[in-house]
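Read the structure below first, then the notes.
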Amino acid sequence: MTTFSLRNVRLRTGEQFHQTVDVRLEPLMLGGQEYRPVPDEVPAELTITKATTGSVYQLSFRAELHGPCFRCLRDTVVEESVNAREYQATNPAGDEELESPYVLDDVLDLGAWARDALALGLPDKILHSPDCAGLCPVCGKDLNEEPHTHDELAADPRWAVLDELRGQL
Ligand SMILES: [Zn+2]
Ligand SMILES: [Zn+2]
(Lines give C-alpha, C1' and ligand atoms only; values in the text may rest on other atoms or scores of the structure.)
(Ligands and ions follow the chains in the order given, each with its own letter.)
Protein backbone atom coordinates (compact mmCIF):
# COMPACT_ATOMS: atom_id res chain seq x y z
CA MET A 1 0.00 0.00 0.00
CA THR A 2 1.36 3.38 -1.01
CA THR A 3 0.57 6.17 1.36
CA PHE A 4 1.69 9.76 1.45
CA SER A 5 2.18 11.70 4.66
CA LEU A 6 0.53 15.10 4.64
CA ARG A 7 2.25 16.07 7.85
CA ASN A 8 4.88 18.14 6.14
CA VAL A 9 2.53 19.71 3.59
CA ARG A 10 1.56 22.98 5.17
CA LEU A 11 -0.14 25.24 2.66
CA ARG A 12 -1.79 28.60 2.90
CA THR A 13 -4.92 29.42 0.89
CA GLY A 14 -4.06 29.61 -2.78
CA GLU A 15 -0.77 27.76 -2.41
CA GLN A 16 0.01 24.59 -4.27
CA PHE A 17 2.19 21.58 -3.54
CA HIS A 18 3.48 19.35 -6.28
CA GLN A 19 5.42 16.11 -6.15
CA THR A 20 6.05 12.99 -8.21
CA VAL A 21 5.34 9.92 -6.10
CA ASP A 22 5.89 6.27 -7.00
CA VAL A 23 2.58 4.48 -6.54
CA ARG A 24 2.29 0.71 -6.30
CA LEU A 25 -0.70 -0.57 -8.28
CA GLU A 26 -2.64 -3.69 -7.30
CA PRO A 27 -4.13 -6.17 -9.77
CA LEU A 28 -7.80 -5.44 -10.57
CA MET A 29 -10.55 -8.06 -10.69
CA LEU A 30 -13.09 -7.52 -13.46
CA GLY A 31 -15.78 -10.02 -14.41
CA GLY A 32 -13.91 -12.71 -12.46
CA GLN A 33 -10.70 -12.12 -14.40
CA GLU A 34 -7.49 -10.57 -13.15
CA TYR A 35 -5.88 -7.58 -14.83
CA ARG A 36 -2.28 -6.95 -13.79
CA PRO A 37 -0.62 -3.54 -13.97
CA VAL A 38 2.71 -3.68 -15.84
CA PRO A 39 4.86 -2.29 -14.34
CA ASP A 40 3.15 -2.51 -10.97
CA GLU A 41 4.73 0.71 -9.78
CA VAL A 42 4.30 3.95 -11.70
CA PRO A 43 5.34 7.55 -11.15
CA ALA A 44 2.27 9.66 -10.35
CA GLU A 45 1.94 13.43 -10.24
CA LEU A 46 0.39 14.55 -6.98
CA THR A 47 -0.87 18.12 -6.70
CA ILE A 48 -2.43 19.57 -3.59
CA THR A 49 -4.10 22.98 -3.75
CA LYS A 50 -5.28 24.74 -0.66
CA ALA A 51 -8.62 26.48 -1.13
CA THR A 52 -10.47 28.67 1.36
CA THR A 53 -12.66 25.87 2.70
CA GLY A 54 -10.47 22.81 2.16
CA SER A 55 -7.91 21.11 -0.05
CA VAL A 56 -8.10 19.82 -3.60
CA TYR A 57 -6.04 16.69 -4.33
CA GLN A 58 -5.17 15.72 -7.88
CA LEU A 59 -3.43 12.57 -9.02
CA SER A 60 -2.42 11.73 -12.56
CA PHE A 61 -0.54 8.76 -13.94
CA ARG A 62 -0.48 6.34 -16.83
CA ALA A 63 -0.92 2.62 -16.40
CA GLU A 64 -0.90 -0.47 -18.54
CA LEU A 65 -3.06 -3.45 -17.58
CA HIS A 66 -2.56 -7.00 -18.86
CA GLY A 67 -5.38 -9.53 -18.83
CA PRO A 68 -7.74 -11.60 -20.98
CA CYS A 69 -9.99 -10.23 -23.74
CA PHE A 70 -13.59 -10.26 -22.46
CA ARG A 71 -14.83 -12.26 -25.49
CA CYS A 72 -11.98 -14.43 -26.78
CA LEU A 73 -9.74 -14.55 -23.68
CA ARG A 74 -6.47 -13.83 -25.50
CA ASP A 75 -3.91 -11.66 -23.69
CA THR A 76 -4.88 -8.05 -23.99
CA VAL A 77 -3.16 -4.83 -22.97
CA VAL A 78 -5.18 -1.79 -21.93
CA GLU A 79 -3.53 1.58 -21.54
CA GLU A 80 -5.14 4.17 -19.39
CA SER A 81 -4.46 7.76 -18.41
CA VAL A 82 -5.82 8.56 -14.99
CA ASN A 83 -6.63 12.09 -13.83
CA ALA A 84 -8.36 11.87 -10.49
CA ARG A 85 -9.55 14.63 -8.21
CA GLU A 86 -10.60 14.63 -4.58
CA TYR A 87 -11.80 17.33 -2.25
CA GLN A 88 -11.43 17.37 1.49
CA ALA A 89 -13.06 20.18 3.46
CA THR A 90 -11.19 21.58 6.43
CA ASN A 91 -14.37 21.22 8.51
CA PRO A 92 -16.58 18.64 6.79
CA ALA A 93 -18.89 18.50 9.86
CA GLY A 94 -19.92 14.95 9.01
CA ASP A 95 -20.94 15.75 5.43
CA GLU A 96 -19.55 12.85 3.36
CA GLU A 97 -19.61 14.85 0.14
CA LEU A 98 -17.07 17.20 1.64
CA GLU A 99 -14.77 14.38 2.68
CA SER A 100 -12.42 12.24 0.67
CA PRO A 101 -12.32 8.57 1.68
CA TYR A 102 -8.60 8.58 0.85
CA VAL A 103 -7.61 11.29 3.32
CA LEU A 104 -7.25 9.89 6.81
CA ASP A 105 -5.88 12.25 9.41
CA ASP A 106 -2.51 13.22 8.00
CA VAL A 107 -2.21 10.35 5.55
CA LEU A 108 -3.26 10.19 1.92
CA ASP A 109 -4.02 6.61 0.82
CA LEU A 110 -2.52 6.85 -2.66
CA GLY A 111 -2.65 3.08 -3.28
CA ALA A 112 -6.41 2.78 -2.75
CA TRP A 113 -7.12 6.03 -4.60
CA ALA A 114 -5.03 5.00 -7.62
CA ARG A 115 -6.67 1.53 -7.71
CA ASP A 116 -10.21 2.94 -7.57
CA ALA A 117 -9.50 5.66 -10.13
CA LEU A 118 -7.96 3.10 -12.48
CA ALA A 119 -10.97 0.76 -12.11
CA LEU A 120 -13.43 3.62 -12.75
CA GLY A 121 -11.72 4.60 -15.98
CA LEU A 122 -11.73 1.13 -17.51
CA PRO A 123 -14.16 0.23 -20.30
CA ASP A 124 -17.10 -2.07 -19.36
CA LYS A 125 -15.68 -4.78 -21.57
CA ILE A 126 -11.97 -5.12 -22.20
CA LEU A 127 -11.56 -6.31 -25.80
CA HIS A 128 -8.35 -7.15 -27.65
CA SER A 129 -9.88 -5.38 -30.65
CA PRO A 130 -13.17 -3.43 -30.82
CA ASP A 131 -14.60 -5.89 -33.35
CA CYS A 132 -13.47 -9.09 -31.58
CA ALA A 133 -15.66 -11.96 -32.84
CA GLY A 134 -15.28 -13.94 -29.62
CA LEU A 135 -15.44 -17.69 -29.14
CA CYS A 136 -17.87 -19.99 -30.93
CA PRO A 137 -20.71 -20.77 -28.49
CA VAL A 138 -20.98 -24.30 -29.93
CA CYS A 139 -17.40 -25.57 -30.15
CA GLY A 140 -15.42 -22.90 -28.28
CA LYS A 141 -12.98 -22.18 -31.14
CA ASP A 142 -11.72 -18.65 -31.64
CA LEU A 143 -13.98 -17.05 -34.28
CA ASN A 144 -11.33 -14.41 -35.03
CA GLU A 145 -9.00 -17.10 -36.33
CA GLU A 146 -11.57 -19.53 -37.71
CA PRO A 147 -14.78 -17.79 -38.72
CA HIS A 148 -17.43 -20.53 -39.07
CA THR A 149 -21.00 -21.54 -38.31
CA HIS A 150 -22.46 -24.92 -37.42
CA ASP A 151 -24.92 -27.09 -39.32
CA GLU A 152 -26.77 -27.79 -36.07
CA LEU A 153 -28.38 -24.41 -36.45
CA ALA A 154 -29.98 -25.51 -39.70
CA ALA A 155 -31.50 -28.47 -37.84
CA ASP A 156 -33.66 -26.03 -35.89
CA PRO A 157 -37.31 -26.87 -36.79
CA ARG A 158 -37.98 -23.25 -37.70
CA TRP A 159 -35.35 -23.52 -40.42
CA ALA A 160 -36.77 -26.83 -41.64
CA VAL A 161 -40.03 -25.03 -42.48
CA LEU A 162 -38.09 -22.47 -44.44
CA ASP A 163 -36.24 -25.19 -46.31
CA GLU A 164 -39.56 -26.78 -47.22
CA LEU A 165 -40.87 -23.48 -48.55
CA ARG A 166 -37.71 -23.04 -50.56
CA GLY A 167 -38.22 -26.50 -52.04
CA GLN A 168 -41.66 -25.44 -53.28
CA LEU A 169 -40.38 -22.39 -55.16
ZN1 LIG B 1 -10.82 -10.84 -28.31
ZN1 LIG C 1 -17.81 -23.63 -33.67
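Residues of the stretch 81-99 that are within 30 Å of residue 34 (Cα to Cα) and open to solvent by less than 20 Å² (accessible area, probe 1.4 Å): 82, 84.
Of the candidates 65, 118, 122, the single residue that is assigned to a strand (DSSP E or B), among the hydrophobic types (A, V, I, L, M, F, W, C) and closer than 19 Å to residue 25 by Cα is 65.
I want to confirm something. Restricting to the stretch 39-62 and keeping residues that are touching a Gly at 6+ places or on another chain (Cβ under 9 Å) and in a strand (DSSP E or B), which single residue is nearest to ligand 2 (Cβ to nearest atom)? For the stretch 39-62, the residue satisfying everything is 49. Residue 144 falls short on exactly one of the conditions (1) out of contact with any helix residue (DSSP H, G or I) (no Cβ under 7 Å at 6 or more places or on another chain); (2) modelled with pLDDT under 95; (3) over 25 Å from residue 19 (Cβ atoms), and that condition is (2).
Residue by residue, here is whether (1) at pLDDT below 95; (2) over 19 Å from the mean Cα position of the chain (by Cα); (3) within 30 Å of residue 130 (Cβ to Cβ) holds:
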| position | (1), (2), (3) |
| --- | --- |
| 75 | no, no, yes |
| 81 | no, no, yes |
| 85 | no, no, yes |
| 88 | yes, yes, no |
| 94 | yes, yes, no |
| 97 | yes, yes, no |
| 104 | yes, yes, no |
| 111 | no, no, no |
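For the stretch 20-39, indicate whether the set of residues that are at pLDDT 95 or above and small (Gly, Ala, Ser) is non-empty. Checked against the condition, which is being at pLDDT 95 or above and small (Gly, Ala, Ser), the stretch 20-39 yields no hits at all. Among the conditions (1) open to solvent by 30 Å² or more (accessible area, probe 1.4 Å); (2) away from ligand 2 (no atom under 16 Å from the Cβ); (3) touching a Pro at 6+ places or on another chain (Cβ under 9 Å); (4) under 22 Å from residue 34 (Cα atoms), the only one that residue 133 does not satisfy is (2).
The values are calculated or read from the model by the stated rules, or taken from the named source; none is laboratory data. Quick caveat, the model's predicted, so the values are computed rather than measured. Quick reminder, even Gly has a Cβ in these numbers, built from the backbone with ideal geometry, and neighbours come from all protein chains shown. Heavy atoms of the whole protein, side chains included, go into the accessibility calculation; ligands, DNA and RNA do not. Shrake-Rupley method; radii C 1.70, N 1.55, O 1.52, S 1.80 Å.
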